[in-house]
Structure formats: structure tokens, C-alpha cells
Amino acid sequence: MDSLTQIVLGAACGEAVLGKKIGNKALLFGAIGGTIPDLDVLVGSWIYGNEIDAMLFHRGFMHSIFFSVVAAFGFGWLVYKLYNSGKRQSTTTQKDWIMLFFWSLFTHPILDAFTPYGTQLFAPFTNYRVALNNIAVADPAYTLPFLICMVVVMFFKRVSKKRRLWLKLGIGISSVYLLFTLGNKLYVNSIFKKSLMAANINAFRYSTQPAIFNNILWYAIAETETAYYVADYSLFDTQKRFLNFREIPKMRDLQPSEYSDIKALAWFSNGYYSVYAINDNEYRYNDLRYPLLDPEDPDSSVFSLLLYEDDNRLNMKPFEPKFDRFDAVLVSLWERIKGV
């Protein structure tokens with residue numbers, strides 16, 4: 001999920017493990033631990049000269065369970081050596097710090113696995129991406145109550161029972177909401193399957209996910225032999241159906257057999273993608289797992305990459321959102337959430 005959410009979750013883990021011993025410092029170190037996996041964005045750019053490789057590195061090894069275990073021992077040992085000195089001698093143990101970093105590192109990819117982007121939890125043993133698609137990468141309903149509870153925690157002494165109460169409240173509210181989104185996902189799936197049948201769309205697979213910032217408006221895509229069909233549905237819609245199906249041709253101006261980079265991007269998109277030729281050297285790659293900005297334009301995918309040929313393979317230009325005014329996007333999103 002977004003960085004703020006991971007900071008809050010990491011801080012909660014730090015408080016749960018070491019809050020009674022070191023107070024608000026536990027929140028800080030937990031927040032640092034919760035941020036570490038997302039540093040793979042920087043690490044990927046350092047390792048790879050190709051932008052596609054760097055993008056695919058994100059939510060890979062540094063978001064795995066294996067990394068959580070190994071890094072917990074490394075960071076736990078290092079911080080223990082640095083922290084446990086002088087007046088702080090014997091106030092904490094090495095095991096305390098290992099557990100703090102383990103939980104802050106481990107919960108990060110677990111939470112990310114609930115989002116549509118997906119996470120390679122079992123790297124480096126397999127590149128399988130776990131993506132439950134039940135919560136958006138940024139959802140204020142999950143983050144804000146959790147954040148408020150963690151801020152309140154900071155105002156109580158480290159041994160106060162109220163501090164523990166607010167910690168449990170933050171974890172409890174966010175966890176209950178996450179369970180709600182899982183139930184919502186099952187409900188929306190059932191609605192989408194009925195909608196496909198009613199529209200006589202013979203799809204052999206489909207995917208549903210919530211729109212950004214909420215769990216009320218949902219986007220769905222279905223795949224047939226020749227095309228994709230996309231639609232959206234708000235829980236406030238008067239009819240319990242996805243009604244606005246749009247057909248998107250399976251454009252493959254570049255084939256996976258031509259470039260291994262297309263094969264890698266297709267894996268990243270779980271096979272929901274299109275590639276359009278712009279000119280002799282540039283191509284537009286659309287990840288169709290994400291909504292269209294313009295329902296009438298199949299080339300208006302939110303997650304759209306500009307590819308170009310570079311030294312016998314493909315590279316991509318830095319990703320830029322395909323909208324000029326963020327406030328207009330939010331207004332449009334809100335209007336659709338209210339239902340039709």
C-alpha cells in the first residue's frame with residue numbers, strides 16, 4: 001500500500017514489541033522498518049540501467065517473507081549494537097530488536113498482497129505474485145483511523161495501559177475494515193459473474209478490484225478469446241449489475257516472442273494488457289488491470305507505459321500519470337461512487 005499506511009503499520013508493530021521499554025522511539029524504529037521494503041524502488045534504479053527491469057524489481061525480493069526474516073536479523077543486530085550503550089545499556093535485548101524489525105518488515109508485504117499490484121511473497125524461490133485485489137493501494141478508510149490511534153498513543157507514558165488500549169484499537173479497526181473489504185470482494189465477484197452472463201460475454205477469466213481511495217466503486221475486466229471487456233460498479237448503483245461494458249481489442253503490436261521484455265511486462269500485468277505502436281520506435285503499453293480514464297478511449301489506461309527500442313531490447317520512459325488535473329479526477333471519481 002502507500003508509504004504512509006506502511007509507516008503507520010510499522011509504527012504499530014514497533015509499539016507492540018518495544019513500546020513498554022522505550023516508548024515513542026519504538027514507533028519511530030517500527031516506522032523505519034515498515035519503510036525499508038519500499039526502498040526497492042531506489043535499489044532497483046541503482047542495480048539496473050533499464051527502467052523496465054527497475055520497475056519489475058519493485059515488490060520483488062525485498063517484499064518477500066525470506067527477506068523479512070534475513071533482514072530482521074541484520075537490522076536487529078545492528079540497531080541493538082548502536083542503541084544498547086551508555087545509559088541505555090541493558091534496557092533492551094537483541095531479540096527485542098530482531099522481533100521489532102521482523103514484524104515491521106513482515107507485515108509490509110503481507111498488507112501489500114491484498115492490493116491489485118501484487119507482491120512476490122515467496123521470492124527468490126518463485127516469482128509468483130500474490131494479489132488478492134480486495135483493497136486499493138491507497139484507502140483512507142483503512143489508514144486514517146489507524147493513524148489517529150497511533151498519534152494518540154504518543155501522548156501517553158510508555159507504561160500506561162491507555163497506550164496499549166489505543167494500540168489495540170488502531171490494529172483492531174484497521175483489521176476489521178480489511179476483513180470487510182475481503183467480504184466486499186466476494187460480493188462484487190458474484191455480481192460481476194452474473195453481469196457477464198446477462199451481457200452474453202463468454203469470458204474464460206476475469207479480475208475485479210476497488211478503485212483508488214475507496215472500497216465502494218469497483219472496476220472489473222474480463223477476457224475472451226479476442227478481446228477484453230471492462231466495466232465498473234458502485235455499491236450505491238440502483239441496479240445490482242455491471243452495466244457499462246466496453247470492449248477493448250487485444251492489441252499486440254509487439255509479441256512476447258519478439259521481446260522478452262514484453263513477456264516480463266505481460267507477467268507483471270497478469271496477462272491483461274495491450275501494446276500499441278506509436279511510431280517506428282515507440283510503443284504504448286497499457287496495463288489493463290487498472291481503470292480507463294476515458295471510458296470511450298481504450299488507450300486511456302491509468303497505468304500506461306511508453307516503451308522504446310534500446311540496444312536490442314525494450315526500455316521505457318519514466319512513468320507519468322495520464323491526467324493533467326488531479327482535482328478533476330477526484331471529482332469524477334466521487335460522482336461515480338455516488339452511483340447511477
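The values are calculated or read from the model by the stated rules, or taken from the named source; none is laboratory data. Since this is a predicted model, take the numbers as computed values, not measurements. Every residue, glycine as well, gets a Cβ built from its backbone with ideal geometry; the counts of neighbours run over all protein chains shown. SASA here: full protein model, heavy atoms, side chains in, ligands and nucleic acids out. Shrake-Rupley method; radii C 1.70, N 1.55, O 1.52, S 1.80 Å.
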Worksheet item: When you go through (1) more than 22 Å from the chain's Cα centre (by Cα); (2) open to solvent by 50 Å² or more (accessible area, probe 1.4 Å) one by one for PHE192, which number turns out not to apply?
Response: (2)
Practice prompt. Could you grab the pairs with beta carbons closer than 6 Å, sequence gap of 6+ or different chains, first residue in the stretch 154-174 and in the same structural domain as ALA31 (by the TED database), second one surrounded by fewer than 17 Cβ atoms within 10 Å (Cβ to Cβ)?
Written response: none
Fill in: Pairs, first within 25 Å of TRP218 (Cβ to Cβ) and part of a loop (DSSP other than H, G, I, E, B) in the stretch 242-255, second among the polar types (S, T, N, Q) and open to solvent by 60 Å² or more (accessible area, probe 1.4 Å), C-beta under 9 Å, six or more apart
LYS250/THR226
Worksheet item: Is at least one residue of the stretch 87-96 crowded, with 17+ Cβ neighbours inside 10 Å, modelled with pLDDT of 95 or more and of a type outside the set (Val, Ile, Thr)?
Response: yes
Fill in: Lone qualifier among TYR229, TYR187 - being in contact with an Asp or Glu (Cβ under 8 Å, 6 or more places away or on another chain), surrounded by fewer than 21 Cβ atoms within 10 Å (Cβ to Cβ) and not in a loop (DSSP other than H, G, I, E, B)
TYR229
Response to the item:
Within the stretch 61-78, the count of residues that are open to solvent by 20 Å² or more (accessible area, probe 1.4 Å), farther than 18 Å from ALA113 by Cβ and either touching a residue at least 24 places away in the same chain (Cβ under 8 Å) or within 26 Å of the chain's Cα centre (by Cα) (or both) comes to 4
Fill in: Residues located in the stretch 106-153, provided they are buried (at least 17 other Cβ atoms within 10 Å of the Cβ), of a type in the set (Ser, Thr, Tyr) and in the same structural domain as MET55 (by the TED database)
THR107, THR115, TYR117, THR119
Discussion item. Pairs please, first residue from the stretch 260-287 and touching a residue at least 24 places away in the same chain (Cβ under 8 Å), second anywhere and open to solvent by 40 Å² or more (accessible area, probe 1.4 Å) and hydrophobic (A, V, I, L, M, F, W, C), Cβ atoms under 8 Å, 6+ apart in sequence or on different chains.
Written reply: ASN270/ALA131; SER274/MET251; VAL275/MET251; TYR276/MET251; TYR283/ALA277
Item to complete: Just give me the residues in the stretch 34-54 being open to solvent by less than 30 Å² (accessible area, probe 1.4 Å) and over 15 Å from HIS108 (Cα atoms), in sequence order.
Response: GLY44, ASN50, ILE52, ALA54
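Just name the residue that is farthest from PHE114 (Cα to Cα) out of those in the stretch 190-226 that are outside any strand (DSSP E or B) and β-branched (Val, Ile, Thr).
Here is the first cut: in the stretch 190-226, the residues outside any strand (DSSP E or B) are 190-204, 211-216, 224-226.
With β-branched (Val, Ile, Thr) added as a condition, the list becomes 191, 201, 212, 216, 224, 226.
Details: ILE191: 20, ILE201: 28, ILE212: 14, ILE216: 16, THR224: 26, THR226: 29 Å.
Per the criteria, the residue is THR226.
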